[in-house]
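Notes to accompany the following structure.
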Amino acid sequence: MTEEEKSKNKILNYLLKFWLIVLGILCLTILFFYGISNEWFGSMPSFEELENPKSNLATEVISSDGVVLGTFFIENRSNVDYRDISPNLVNALKAIEDIRFEEHSGIDQKALLRVFYGVATGKSKGGGSTLTQQLAKNLFPRGRLNTPQLVLRKFQEWVTAIKLERTYSKEEIIAMYLNTVFYGHNAYGIKSAAATFFGKTPDSLNLQEAALMAGVVNAPTRYSPISNPERSLERRNLVLSQMLKYEYIDQALFDTVSQLPLGVSKYSMLDHNRGLATYFREYLRGEMKKWCSNHYKPDGEPFNLYTDGLKIYTTIDSRMQQYAEEAVFEHMSNDLQPTFFSHWEGQENAPFVFETEKKEEVKEAINKIMDQAMRRSERYRRLRKAGVDIDSIKIIFNTPTQMRIFSWDDQIDTLLSPMDSIRYYKYFLHAGLMSVETKTGFVRAYVGGIDYRYFKYDHVTQGQRQVGSTFKPFLYTLAMQEGEYSPCYKVPNISYSVEQYDGTFWTPRNSSNDRIGEEVTLKWALANSNNWISAYLIKRFSPQSVINMARNMGVTSRMPAVPAIALGTPDLSLYEMVGAMNTFANQGVYIKPMFIRKIEDKNGNVVERFISEKKEAMNDVTAYKMIELMKGVVESGTSIRLRYKYGFNNPIAGKTGTTQNQSDGWFMGITPELTSGVWVGAEDRSVHFRTITLGQGANMALPIWALFMQKVYADPSLGIGKDDFVKPLKDVLIEFDCEKYDRQNQVGIDVTNEEEEEF
């Protein structure tokens, strides 16, 4: 064999070995990826998981007008469809993350070559992961892995990316990616991020906002527009420059937009302490946890409120809710609370009032209240849980510490002992408001307190306070229902005594000396909240009969069957009172107030629809009589300031309530479309105004109702204020014209409509 032949054979052997090695590597690579797909090296996402990728989806609380009021979540994430994403964001994302997204099938070969070149030369020119690979990583997180496991996981993500490309369209992959990305500040997914940083929905993001969102995902903390605004601005402009490079925008637009600020002035990190309807959402959380415990998914597992992406469609109207919260804020911060502070300035033992004037007894009573408040505090519970003894806890509570406290003007950072902060908070008056739609029972507004961040107690459904004269309509309803009485029926305005079960007599006092000894109509008596006439009626109808009437109207709380019930001694919730008063506007039919219309799962399937619970509590004639009676409260009684001060001239029936020592102020206002109730009072019943002028319901609660309804009537989109109360089919008009009523009773004839002109 010649040297030339030997040389040729040697080359052929080298070539053969080379191709055998290449073929071997290729076979091993194919086998390796085949093994990955078939889970030789660990579990892989199944086809079913790819079809239905799991992620922690927040449950959304949605108002009746389509506004997301809040979410319940482990990760604050809600999904959106591709059609609901701004094209600006899609273009920005491609420009900065994956410009060849439309061309590759999950793996970008050019990007991989760039990565390999960077590794070999030490000149890195960016990563090689496509958006699809990043989606695979987001959907199936890596967890804590060592280097070999991390390398293997990277290859597994390649396989998953290819499977994703085969399963979903490009548009679906973009949407899934934006739904899974973390943007920092508790915002998971673009829907939460757009709401958190800009107060917008994803489809309304403008160019600079979209560029910022596309840039943040690379490193949410490093590029946070809140924590690191300078870096965030640089990153946003880098995204814009990439969009210019790939001709998504032109030079003129780049020059203009790159000079704009970040535009995150509406930043608001979403949590349960912020946003609209905070008290309502917390109430709903408790109700939904009970609902989830006995409602099940197709796999047999109970629904999870925090991860299953439910959509709760509530009856709350976001516009009315906003107006209700504004009304509470305006009256409490601008008027009532400053008046209360001024009222107690320089007073001994402020702001507590006790029946005794003995200093030692007063001191003991205040110490008892403060000690109870200390023991109810979260600080006390934490210390006790940590095993700290009582004496040490008291020392801690009396030691000044840096804290942030509530103020109507703004939060205050100060040095204060916990005990002094408790005393400070005792000065604050609280409020609750609930408004329902008369014909449906839908709860349109729900304000449980003045600020959920500092005061968690809910004064709509959780709180129960003495209702005072707002209870009197139950007694008057009983009188009207029996048929013997009418609004024009007259009773001597004198003191009445009612015998009790123990043989003693209950004799109420009146707060006014008006028309003593005269005969007064029931309409006048209710309008002026006369206690003597209430005593007369409770003497005719037993306390238990009144309780039965209240039960028919939806009141479920305990009510002692004593004559004093006529003046409103029971402790009831605002929720119960509003539901009951709404019966009058709904022609005598009680509707249990509704909070939820329907619940959907994450795929939009309706899991449950809710229907109203109704029952007839009285006939329509009685209901209309009561509306007319309560109109008198507004026309000439304790609520007349609605006319002369607030300028209302539309149909309104109402009732004020003031409890013993002015501890509670109530107002129930009924219009043809809405029944709304307001309660105002302090946390402790011993904290209140010292005069009836300031402490009555007409001064404490009524103005909130008035401010709320002014805003409601001023909003044409709500269409409220056009209707009148529905009259019964039976002609009962004569019962409201007291002159004709008297004439009829005197001459013993029927005064018909035809005879109206004669009289």
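The values are calculated or read from the model by the stated rules, or taken from the named source; none is laboratory data. These numbers come from a predicted model, not from an experiment. Counting neighbours? That spans all protein chains shown, and the Cβs are built from the backbone with ideal geometry, glycine included.
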> Mind checking which residues of the stretch 204-223 are crowded, with 17+ Cβ neighbours inside 10 Å and touching a Lys or Arg at 6+ places or on another chain (Cβ under 8 Å)?
Replying inline: 208, 209, 211, 212, 215, 216, 223
> If a residue has to be within 14 Å of residue 309 (Cβ to Cβ) and in contact (Cβ under 8 Å) with a residue 12 or more places away in the chain to count, how many in the stretch 590-612 make the cut?
Replying inline: 6
>> Being without any contact (Cβ under 8 Å) to a residue 60 or more places away in the chain and either surrounded by fewer than 19 Cβ atoms within 10 Å (Cβ to Cβ) or of a type in the set (Phe, Trp, Tyr) (or both) is the filter here; which residues of the stretch 183-199 pass it?
In response: 183
>> Go through the stretch 193-237 and report how many residues are over 18 Å from residue 265 (Cβ atoms), part of a helix (DSSP H, G or I) and of a type in the set (S, T, N, Q).
In response: 1
>> Being surrounded by fewer than 21 Cβ atoms within 10 Å (Cβ to Cβ), touching a Phe, Trp or Tyr at 6+ places or on another chain (Cβ under 8 Å) and either among the hydroxyl-bearing types (Ser, Thr, Tyr) or assigned by TED's automatic domain parsing to the domain that holds residue 345 (or both) is true for just one of 663, 717, 639, 686. Which residue is that?
In response: 686
>> Quick test of your reading of the structure: residue 274 fulfils all but one of (1) farther than 30 Å from residue 449 by Cβ; (2) in contact with a Ser or Thr (Cβ under 7 Å, 6 or more places away or on another chain). Name the failing condition by number.
In response: (1)
> Can you name the residue in the stretch 639-666 that is of a type in the set (Gly, Ala, Ser) and not in a loop (DSSP other than H, G, I, E, B) and, of all such residues, is farthest from residue 528 (Cα to Cα)?
Replying inline: 665
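Provide a single number: the residues in the stretch 538-559 that are under 22 Å from residue 512 (Cβ atoms) and surrounded by fewer than 23 Cβ atoms within 10 Å (Cβ to Cβ).
Within the stretch 538-559, the first condition is being under 22 Å from residue 512 (Cβ atoms), and the residues that meet it are 538-539.
Next, from what is left, pick out any that are surrounded by fewer than 23 Cβ atoms within 10 Å (Cβ to Cβ): 539.
The number of residues fulfilling the criteria is 1.
Yes/no per residue for (1) closer than 14 Å to residue 479 by Cβ; (2) of a type in the set (Gly, Ala, Ser):
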| residue | (1), (2) |
| --- | --- |
| 521 | yes, no |
| 525 | yes, yes |
| 532 | no, no |
| 565 | no, no |
| 572 | no, no |
| 575 | no, no |
| 580 | no, yes |
> Among the numbered criteria (1) of a type outside the set (Ser, Thr, Tyr); (2) in contact with a Phe, Trp or Tyr (Cβ under 9 Å, 6 or more places away or on another chain); (3) modelled with pLDDT of 90 or more, which single criterion is violated by residue 510?
Replying inline: (3)
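Taking the criterion of being in contact with a Phe, Trp or Tyr (Cβ under 6 Å, 6 or more places away or on another chain) and over 13 Å from residue 94 (Cα atoms), would at least one residue in the stretch 240-255 satisfy it? First the steps, then the outcome.
Here is the first cut: in the stretch 240-255, the residues in contact with a Phe, Trp or Tyr (Cβ under 6 Å, 6 or more places away or on another chain) are 240, 244.
Cutting the leftovers down to over 13 Å from residue 94 (Cα atoms) gives us none.
No, the stretch 240-255 has no match at all.
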>> For the stretch 289-331, give me the residue count where each residue is under 23 Å from residue 80 (Cα atoms) and not in a loop (DSSP other than H, G, I, E, B).
In response: 6
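So which of 111, 161 ends up being at pLDDT 75 or above, in a helix (DSSP H, G or I), among the small types (Gly, Ala, Ser) and on the phi < 0 side of the Ramachandran plot?
Working: 111 fails: at pLDDT 75 or above.
So the residue among 111, 161 that is at pLDDT 75 or above, in a helix (DSSP H, G or I), among the small types (Gly, Ala, Ser) and on the phi < 0 side of the Ramachandran plot is 161.
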>> Can you tell me which residue is farthest from the chain's Cα centre (by Cα) among those in the stretch 683-701 that are hydrophobic (A, V, I, L, M, F, W, C) and in a loop (DSSP other than H, G, I, E, B)?
In response: 689
>> Given the condition in contact with a helix residue (DSSP H, G or I) (Cβ under 8 Å, 6 or more places away or on another chain) and of a type in the set (A, V, I, L, M), answer yes or no: does some residue in the stretch 601-608 qualify?
In response: no
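What strands (runs of 3 or more DSSP E) lie completely within the stretch 409-518 and have 2 or more residues being over 26 Å from the mean Cα position of the chain (by Cα)? Talk me through it step by step, then tell me what you get.
Working: elements: 412-416, 429-437, 443-447, 490-492.
Filter on the stretch 409-518 gives 412-416, 490-492.
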> Are there any pairs, at least 6 apart or on different chains, whose C-beta atoms fall under 6 Å, with the first in the stretch 717-731 and in contact (Cβ under 8 Å) with a residue 24 or more places away in the chain and assigned to a loop (DSSP other than H, G, I, E, B) and the second surrounded by 16 or more Cβ atoms within 10 Å (Cβ to Cβ) and among the polar types (S, T, N, Q), and if so, which?
Replying inline: 726/587
> So, in the stretch 556-581, of the ones that are free of Cβ contacts under 8 Å to residues at least 60 places away in the same chain and among the aliphatic types (A, V, I, L, M), which residue ends up nearest to residue 658 (Cα to Cα)?
Replying inline: 564
> Is it the case that some residue within the stretch 589-597 is assigned by TED's automatic domain parsing to the domain that holds residue 678 and surrounded by fewer than 16 Cβ atoms within 10 Å (Cβ to Cβ)?
Replying inline: yes
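Take residue 657 and tell me if it is buried (at least 24 other Cβ atoms within 10 Å of the Cβ), touching a Leu at 6+ places or on another chain (Cβ under 7 Å) and either within 21 Å of residue 572 (Cβ to Cβ) or not small (Gly, Ala, Ser) (or both).
Numbers: buried (at least 24 other Cβ atoms within 10 Å of the Cβ): yes; touching a Leu at 6+ places or on another chain (Cβ under 7 Å): no; either within 21 Å of residue 572 (Cβ to Cβ) or not small (Gly, Ala, Ser) (or both): yes.
Considered against the rule, which asks whether it is buried (at least 24 other Cβ atoms within 10 Å of the Cβ), touching a Leu at 6+ places or on another chain (Cβ under 7 Å) and either within 21 Å of residue 572 (Cβ to Cβ) or not small (Gly, Ala, Ser) (or both), residue 657 comes out as no.
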>> I'd like to verify a number: residues in the stretch 250-285 that are touching a helix residue (DSSP H, G or I) at 6+ places or on another chain (Cβ under 9 Å), under 26 Å from residue 214 (Cα atoms) and touching a residue at least 60 places away in the same chain (Cβ under 8 Å), how many?
In response: 8
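What's the total number of residues in the stretch 327-362 that are touching a Leu at 6+ places or on another chain (Cβ under 8 Å) and of a type outside the set (A, V, I, L, M, F, W, C)? Quick ask: steps written out before the conclusion?
Keep residues of the stretch 327-362 that are touching a Leu at 6+ places or on another chain (Cβ under 8 Å), which gives 327-328, 330-332, 336-337, 339-340, 343.
Now drop any that are not of a type outside the set (A, V, I, L, M, F, W, C), which leaves 330-331, 337, 339, 343.
Summing the residues that are touching a Leu at 6+ places or on another chain (Cβ under 8 Å) and of a type outside the set (A, V, I, L, M, F, W, C) in the stretch 327-362 gives 5.
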> Which one is nearest to the chain's Cα centre (by Cα), of the residues in the stretch 704-730 that are modelled with pLDDT under 95 and either under 13 Å from residue 647 (Cβ atoms) or of a type in the set (Phe, Trp, Tyr) (or both)?
Replying inline: 721
>> Restricting to the stretch 519-534, give me the number of residues that are surrounded by fewer than 24 Cβ atoms within 10 Å (Cβ to Cβ) and either basic (Lys, Arg) or part of a helix (DSSP H, G or I) (or both).
In response: 2
